[in-house]
Amino acid sequence: MTEVLFKPSAKRAQAVPGTNVLELARGLKLNITSACGGKGKCGKCKVLIEEGREALNAYTDAELQLLSPQERERGYRLSCAISVPDLPRFTITVPSEVEAGMLRLQVEGLEVPLALAPLVRKYVTTLSQATMEDNRSDEDRLLDTLQREHGLANLALSYEGAKQLPSAMEQGQGVITSIIWEQSRIIAIEPGDTASQCFGLAVDIGTTKIACFLVDLNSGQLTAVSSSLNPQTPYGEDVVSRIAFALESQDNLSKLQEVVLEGINQMVEESCKQVGCRPEHIYEGCFVGNTCMMHLFLGLSPKHLAFSPYCPVVRKGLTLEARRLPFSLRMHHNAMLYALPAVAGFVGADNIAVQLTMEPSRSEKPRLILDIGTNTEIVLQNGDSALACSCASGPAFEGMQVKHGMKAEAGAIEKVEIDPTSLEVDFQTIGGRKPIGICGSGVVDALAQFLSTGIMGRNGRMNGELAQRTPRMRKGTQGWEFVIAWDEETAIDSDIVITQEDISELQKAKAAIHSGCVLLLKQGGVGEEDITELVVAGAFGQYLNPESARIIGMYPEIPLEQVQVVGNAAGTGARMALVSKEARQRAEEISHQVRYYELGADPDFMREYANSMFFPYANLDKFPQTKKLLEEISHG
Ligand code: FES
């Protein structure tokens, strides 16, 4: 056995020589970034070998391609490509930019007024003892009392409730609390009066992060919020690599389900600790997520989501008992779960939840709702109808496929300003730390600044001539690059740059989103000038500078006062469905109203996409504000 030490977390393991290092790290719950799911394609899982370097397997082809000679010289390896050597001790450092954690999460969401009408309610009753004169069954006495005292007719006592009834009556000396679901079924009985302890859980399962909201079902108040990385991340950073992992075997699918439930359980424990309540007093859970995440959470095969026409196994909302899941959830044993409905394979329950949240402010007038992520979902609401599409915007705005890209974590550059004269850079990081990379909102700012200062042209090409004016513009291994932060300013001992290749990736992402907007508007027969509101939701959205996004042409140019950035609206939608039966019904109605539009089948897609590859767009007249800005700058 080899003693393996991971630094700086100091996590240790006794491992059999030959064990894959990435697998070992996953087993220790170390979140090593592994965008390709360990397939040797992304190069994100690199680790520094401190001790035992010489005994490792030879460099793989992937390592020779993905690690620079300098990195190899310094001892970097790809953790997915190496095995634990046969040595007494093997020490590895996981660089901070590789170990995921401390996400800046959007868990506040919106507060939307809503009438409180949860499906689960508690009723306290005092049951008399059976006598010779009153020899009704315990069940009959309970049902009669609930009808008489609380007006609840036609109730049914569940098998689990029946099992709990005698001991609850005994322990509570006749006083019992019935937990009733949907005014129709007694799902559990507790001894004594526990009416004040009635909680529900709303969960937003994102590809990257999970947010949990603990809600007091008596008041509808949010009592605790917790969030964490989706523990499935080490098995693939995006939906596609996670589906590929799940399809390798039934065990893999189970593993993904198990780890996500474990992750939720940890958050439940954390939330309950904050509030001082017991997980057993959580009686209902409402879950949203993209269609793939919901399939994995429910243990449904995501196979058909991988191939056109990308059909989900289930589309309608699904109600089930928590105990039916193969891995237990930290809630009451008889708790009920509700998974919100989806629209299609790539427009999921999270999108329905976003629409549900925005429902109170819905008017007859057309509005666009963008939920930006690896897959950007766009909804055009117009009157009673809605049209939705999904565009593969890729992970570039979430920090992947960008040389120094990273998620919105502590140390990520989130804001960038460039002086048009000196081309000097002013940046701001999350948490005020020394930068270790740049996240999506920083990248959007940088692109807007590149465009407005002439560092990059409208076709996305960097202006290499500026190398004569500033050392920040220089030739790197991937062509021209611009230095955002010098190595002495960073925590990674190297400059943080945006390269020409990064711009190409971002250009494709923004082109996908913009062309999606344009084609959806065309399909819906709505002109850009008719849009009265543009809503930007999602983890990325909350920190996005709407002006920068507009300058680069991420979406049509509409007045900034009509752009609303709403953060995690999906989590808010899940909470609404938790505390309101009506909201749940509305979610089902919305899912029926929304028509899915397959962008790939639009004959104009390629043309629109090509036009959208320009910053902000091929025809500058469609972006009068940016046009004016560029003219002002060119005139000095
Ligand atoms: S290269 Fe190792 S996880 Fe992608």
Write out, first by first residue and then by second, each pair whose Cβ atoms fall under 8 Å of each other, whose residues are 6+ apart or on separate chains, and whose first residue, in the stretch 25-46, is farther than 19 Å from A244 by Cβ and modelled with pLDDT of 80 or more while the second is of a type in the set (G, A, S) and more than 8 Å from the ligand (Cβ to nearest atom). G27/A13; L28/A13
The lone exception for M576 - which of (1) of a type in the set (A, V, I, L, M, F, W, C); (2) within 22 Å of G206 (Cβ to Cβ); (3) assigned to a loop (DSSP other than H, G, I, E, B) it fails: (3)
Taking the conditions exactly as written (near the ligand (Cβ under 8 Å from one of its atoms) and over 27 Å from the mean Cα position of the chain (by Cα)), does A15 satisfy them or not? no
Unmet criterion (only one of (1) more than 15 Å from the ligand (Cβ to nearest atom); (2) touching a residue at least 12 places away in the same chain (Cβ under 8 Å)) for A58: (2)
I'd like the full set of residues that are surrounded by fewer than 24 Cβ atoms within 10 Å (Cβ to Cβ), of a type in the set (D, E, K, R) and within 23 Å of the chain's Cα centre (by Cα), limited to the stretch 377-408. K403
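Just wondering, is there one or more residues in the stretch 486-493 that are in a loop (DSSP other than H, G, I, E, B), touching a residue at least 12 places away in the same chain (Cβ under 8 Å) and out of contact with any strand residue (DSSP E or B) (no Cβ under 9 Å at 6 or more places or on another chain)?
Yes, there is a match, as at least one residue in the stretch 486-493 is in a loop (DSSP other than H, G, I, E, B), touching a residue at least 12 places away in the same chain (Cβ under 8 Å) and out of contact with any strand residue (DSSP E or B) (no Cβ under 9 Å at 6 or more places or on another chain).
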Pairs please, first residue from the stretch 309-331 and free of Cβ contacts under 8 Å to residues at least 24 places away in the same chain and more than 27 Å from E589 (Cα to Cα), second anywhere and surrounded by fewer than 16 Cβ atoms within 10 Å (Cβ to Cβ) and of a type in the set (D, E, K, R), Cβ atoms under 6 Å, 6+ apart in sequence or on different chains. none
Looking only at the stretch 222-241, and only at residues there that are of a type in the set (A, V, I, L, M) and within 14 Å of the chain's Cα centre (by Cα), the one that is farthest from C292 (Cα to Cα): L229
Extreme residue, farthest from L87 (Cα to Cα), among residues of the stretch 14-39 that are surrounded by fewer than 19 Cβ atoms within 10 Å (Cβ to Cβ) and among the small types (G, A, S): G27
Residues located in the stretch 138-160, provided they are among the small types (G, A, S) and modelled with pLDDT of 95 or more: A156, S158
Would you confirm whether any residue within the stretch 525-536 is among the charged types (D, E, K, R) and not in a helix (DSSP H, G or I)? yes
Of residues in the stretch 163-194 being among the charged types (D, E, K, R) and assigned to a strand (DSSP E or B), the one surrounded by the fewest Cβ atoms within 10 Å (Cβ to Cβ): R185
The one condition L66 fails out of (1) at pLDDT below 90; (2) within 16 Å of the ligand (Cβ to nearest atom); (3) within 29 Å of M267 (Cβ to Cβ) is (3)
The strands (runs of 3 or more DSSP E) lying entirely within the stretch 248-367 that contain at least 2 residues which are buried (at least 22 other Cβ atoms within 10 Å of the Cβ) are 282-289, 336-339
Among G516, G553, G571, which is the only one that is modelled with pLDDT of 95 or more and either assigned to a loop (DSSP other than H, G, I, E, B) or closer than 30 Å to L217 by Cβ (or both)? G553
Of everything in the stretch 441-478 that's assigned to a strand (DSSP E or B) and closer than 30 Å to V94 by Cβ, which residue is modelled with the lowest pLDDT? G476
Which numbered condition C80 misses (of (1) within 14 Å of the ligand (Cβ to nearest atom); (2) crowded, with 17+ Cβ neighbours inside 10 Å; (3) assigned to a loop (DSSP other than H, G, I, E, B)): (3)
State whether one or more residues within the stretch 296-312 are modelled with pLDDT of 95 or more and touching a Phe, Trp or Tyr at 6+ places or on another chain (Cβ under 7 Å). yes
Count, please, the residues in the stretch 335-364 that happen to be of a type in the set (F, W, Y) and modelled with pLDDT under 85. 1
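The values are calculated or read from the model by the stated rules, or taken from the named source; none is laboratory data. For clarity, every value in this text was computed on a predicted model and none was experimentally measured. All Cβ positions, even for glycine, are placed from backbone atoms using ideal geometry, and neighbour counts span all protein chains on display.
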